[in-house]
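Q: Encoded as structure tokens, here's the structure I'll be asking about.
The values are calculated or read from the model by the stated rules, or taken from the named source; none is laboratory data. Predicted, not measured: the structure shown is a model, and the values here were computed from it. With ideal geometry, Cβ positions are generated from the backbone for all residues, glycine too; neighbour counts draw on all protein chains shown. Surface accessibility is based on the protein's heavy atoms, side chains included, excluding ligands, DNA and RNA. Shrake-Rupley method; radii C 1.70, N 1.55, O 1.52, S 1.80 Å.
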Amino acid sequence: MDSSELNRLYDFSGKTVVITGGTGILGGEVACALVGCGANVAILARRMEPAEHLLELMGGRANRAVAISADVMDLESLRKAAETVREKFGGVDCLVNAAGGNKPQATTGGDLRFFDLPADVLRYVFDLNLMGTILPSQVFGKMMAEKGEGVILNFSSMSAIRPLTRVVAYSAAKAAVNSLTQWLAVHVAQEYSPRIRVNAVAPGFFLTKQNRFLLTEEKTGDLTARGKAIIGHTPMGRFGQPEDLVGAVLWLLSPASAFVTGIVLPVDGGFSAFSGV
Ligand SMILES: NC(=O)c1ccc[n+]([C@@H]2O[C@H](COP(=O)([O-])OP(=O)(O)OC[C@H]3O[C@@H](n4cnc5c(N)ncnc54)[C@H](OP(=O)(O)O)[C@@H]3O)[C@@H](O)[C@H]2O)c1
């Protein structure tokens, strides 16, 4: 292999990537990187205002991007989004399932005991992370099955490997995402095509709106005890930056990982490798 062959592997020109949660801190970074590597990108989220900002950031490349309002927990809205993607780009090559997150009311601590966590909020977090990965995989995975190739990339978490304290539904749902990643990788390769792959990335700790309330003090912005514990347990000694994820995502979406399926790749500054001693 020479450098021009290597560059070709990471040239996404003519490929279409759907990114759920594409307006989020991590999903947005992935969307910009993919457009920069030549891809057509469909950004799915419920609210469209953050997408406007993202399209502005893409500048002249934004003509290869489209923002579509869709709810990953609503099959009908995903089907409509798939039709829009088909009309605009002709099909789909990759799906990035980045929509997900936690809710403060599904988090133990203070007055909120495990016994009192409201069932509807627990169910919401479970559905968002697990069903919100399964349903887009059904809709866009079917399009991949029709043409016999494609890549699905899920977003897992450190809390899937060993559950983090306080975030009960989130941890259980992300553990289920790991299981789903392996199950679906085997299923699509055996039933549809060995050229359809399913993998996941497990980001370590990135400061975003879903975890800011857990990791920093609202008034001062200082690290909470939990934030300090995370940094202390991350051998690289810092939170991740969204761009830290991009290399792993591009690798797993590209033909450079053509023989890789069913894995969950940590991008965590060493958090999952460190025993704490
Ligand atoms: N940040 C971290 O440290 C970290 C660590 C490990 C794993 N992760 C995982 O990485 C993924 C991305 O996280 P992030 O930090 O980028 O999240 P984020 O900044 O909170 O963004 C979440 C994205 O998901 C979308 N979304 C939420 N609910 C949705 C729904 N029902 N239907 C469609 N879209 C929905 C949001 O847009 P709308 O609200 O407009 O729909 C937004 O685009 C998540 O799965 C998260 O669990 C994050």
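Q: Answer rounded, prolate or oblate for the stretch 156-256, using the Cα gyration tensor with square roots of eigenvalues a ≥ b ≥ c: rounded when a/c is under 1.5, else prolate when a/b is larger than b/c, else oblate.
A: prolate
Q: Moving on to the next point. Count the net charge of all other residues whose Cβ sits under 14 Å from the Cβ of residue 132, scoring Lys and Arg as +1 and Asp and Glu as -1.
A: Cβ neighbours under 14 Å give a net charge of +1.
Q: Could you work out the relative contact order of the stretch 66-119, using alpha carbon pairs under 8 angstrom and six or more residues apart, expressed as a whole percent? All intermediate terms of the calculation are to be shown ahead of the outcome.
A: On the way: 21 pairs, mean separation 10.1, N = 54.
Relative contact order for the stretch 66-119 comes out at 19 percent.
Q: What does the accessible area per residue of the chain come to in Å², with a 1.4 Å probe and no ligands, DNA or RNA counted?
A: Value returned for the chain: 48 Å² of accessible area per residue.
Q: Another question, if that's okay. Just the number, please: carbon plus sulfur as a percent of the accessible area of the chain, 1.4 Å probe, no ligands or DNA/RNA counted.
A: Within the chain, the accessible surface is 55 percent carbon and sulfur.
Q: For the stretch 1-41 and the stretch 205-271, what is the separation of their C-alpha centers, rounded to whole Å?
A: 20
Q: Where the eigenvalues come from the Cα gyration tensor of the stretch 167-221, what are the semi-axes √(5λ) of the equivalent ellipsoid, largest first, in whole Å?
A: Ellipsoid half-lengths, sorted descending, are 35, 12, 6 Å.
Q: Okay, next question. Going by average Cβ density within 10 Å per residue, which order do the peptides 128-134, 208-214 take, highest to lowest?
A: With the highest mean Cβ count within 10 Å placed first, the list reads 128-134, 208-214.
Q: Given the options 93, 111, 71, state which has the largest fluctuation in a GNM of the chain using a 10 Å cut-off (strictly under) for Cα springs.
A: Result for the chain, Cα springs under 10 Å: 111 fluctuates most.
Q: Continuing with the same structure: Please state the shape class of the stretch 67-106: rounded when a/c is under 1.5, otherwise prolate if a/b exceeds b/c and oblate if not, all from the C-alpha gyration tensor.
A: The shape class here is prolate.
Q: Could you work out the relative contact order of the stretch 142-189, using alpha carbon pairs under 8 angstrom and six or more residues apart, expressed as a whole percent?
A: Dividing the mean separation by the residue count of the stretch 142-189 yields 33 percent.
Q: Can you pull the semi-axes for the chain, root of five times each eigenvalue of the Cα gyration tensor, sorted largest first, whole Å?
A: Details: eigenvalues 180, 86, 75 Å².
Whole-Å semi-axes of the equivalent ellipsoid: 30, 21, 19.
Q: Rank by packing, highest mean first: peptides 159-167, 50-58, 263-271, with packing defined as the count of other Cβ atoms within 10 Å averaged across residues.
A: Result, highest mean Cβ count within 10 Å first: 263-271, 159-167, 50-58.
Q: Can you flag which of 80/209; 15/103; 103/142; 103/174; 88/209; 15/88 are past 24 Å Cα-Cα? Walk me through the numbers on the way to the answer.
A: Working: 80/209 28 Å; 15/103 34 Å; 103/142 31 Å; 103/174 14 Å; 88/209 31 Å; 15/88 12 Å.
Result: 80/209; 15/103; 103/142; 88/209 exceed 24 Å.
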